[in-house]
1. If I take R0 = 30 Å and measure r between the Cβ atoms of THR65 and ARG158 in this structure, what FRET efficiency does the formula 1/(1 + (r/R0)^6) give, to the nearest 0.05?
2. Quick one: if the Förster radius is 35 Å, what FRET efficiency do GLU90 and ASP125 give, using the C-beta to C-beta distance and rounding to 0.05?
3. In a solvent-free Debye calculation with one equal scatterer on each Cα, what is log10 I(q)/I(0) for the chain at q = 0.08, 0.09, 0.12, 0.14 Å⁻¹, listed in the order of the q values?
4. Pop a pseudo-label 7 angstrom from the Cα along the beta-carbon direction at both ALA141 and ARG35 and give the gap in nm to one decimal.
5. Between region 169-194 and region 120-166, what is the C-alpha centre distance in whole Å?
6. Scan around LEU24 for amide H atoms under 5 Å from its own, H built in the peptide plane at 1.01 Å from N, and keep only partners 5 or more places away or cross-chain.
7. Show that you can apply the helix-only estimate: for the chain, add -39,500 (n - 2.57) for every DSSP H stretch of four or more residues, divide by all residues, and state [θ] at 222 nm to the nearest 500.
8. What does the highest-first list of 143-152, 84-93 look like by mean Cβ count within 10 Å?
Amino acid sequence: LRKMPAVLAARRVAEEAMSLSPALPDSVVVGRVVRPHGLAGELVVVLETDVEERFAPGSTLHVGTRGRQVEVLGARPFGDRMLVRFAGVEDRTAAEALRGVELTVPRHDVPEAPAGSFYHFELLDCSCHDAREGDLGRVIAIHQDGGGYLLEVQGEARRLLVPFVETFVVRVDVFGRRIELDLPPGLVDLCAST
C-alpha cells in the first residue's frame with residue numbers, strides 16, 4: 001500500500017471510481033505479522049503502508065483477506081518495524097497464532113492515489129506491454145532499490161526487472177490492469193532471467 005512516486009509521463013486512466021473496479025483486490029495489505037515480541041502479546045509487524053495512523057489505538061484491521069477484525073490497542077516504533085498490541089491478544093501463545101498473517105483493510109477505505117502515483121496493489125498483476133518487445137508478462141512483485149522502483153515481471157519463459165521510471169512508462173491503466181512501456185532496445189534481454 002505504499003505510494004509510488006509520481007510517474008509524470010504516465011497518465012492515470014480514471015474510467016470509474018476505484019471502489020467500483022472488480023479487477024482490483026477487495027482488501028489491501030497494510031502490514032505483515034513477523035513474530036511475537038515478549039510475553040504480553042505484542043507483535044512485530046512489518047508495515048506495508050505509508051499511513052502509520054492505520055495502527056493508531058482504536059483502529060480496526062482484518063486478519064487476512066476475509067479474516068476477523070482486530071482492534072489496535074497500541075503501537076510503537078521498533079527499528080524499521082512496529083510493535084503492535086491487539087485487543088484479545090493477551091499473551092505469547094495468542095500472539096504466536098498470528099505469526100505470518102497479513103493485516104488488511106477494505107479497498108474502499110484506501111483513498112485514491114494522487115494523479116501520476118500508484119499504490120503497489122494497483123500495479124500487481126497488471127500485464128506489461130513494451131512498444132518493441134510486445135507482451136512481457138504480469139507484475140508479480142515490486143522492489144525498491146537505491147535508484148527507484150523495479151517491477152518484477154513474469155513472462156512465459158522469463159522473468160525480468162523493469163525500472164518503473166517516467167522515461168520508460170507510457171501509460172498505466174489501473175482499471176484495465178495494463179502497463180504500457182517504451183523500453184530502450186536491448187533492455188529486456190539485459191534484465192531478463194530464466
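Throughout, read-outs are computed from the coordinates displayed, never taken from laboratory work. Quantities reported herein were computed from a predicted structural model and do not represent experimental measurements. With ideal geometry, Cβ positions are generated from the backbone for all residues, glycine too; neighbour counts draw on all protein chains shown.
1. 0.50
2. Given R0 = 35 Å and the Cβ-Cβ separation, E is 0.40.
3. So the normalised log intensities are -0.32, -0.40, -0.66, -0.84.
4. 2.1 nm
5. 6 Å
6. none
7. Numbers: 3 runs with 14 residues, N = 194.
Dividing the helical sum by the residues of the chain leaves -1500 deg cm²/dmol.
8. 84-93, 143-152
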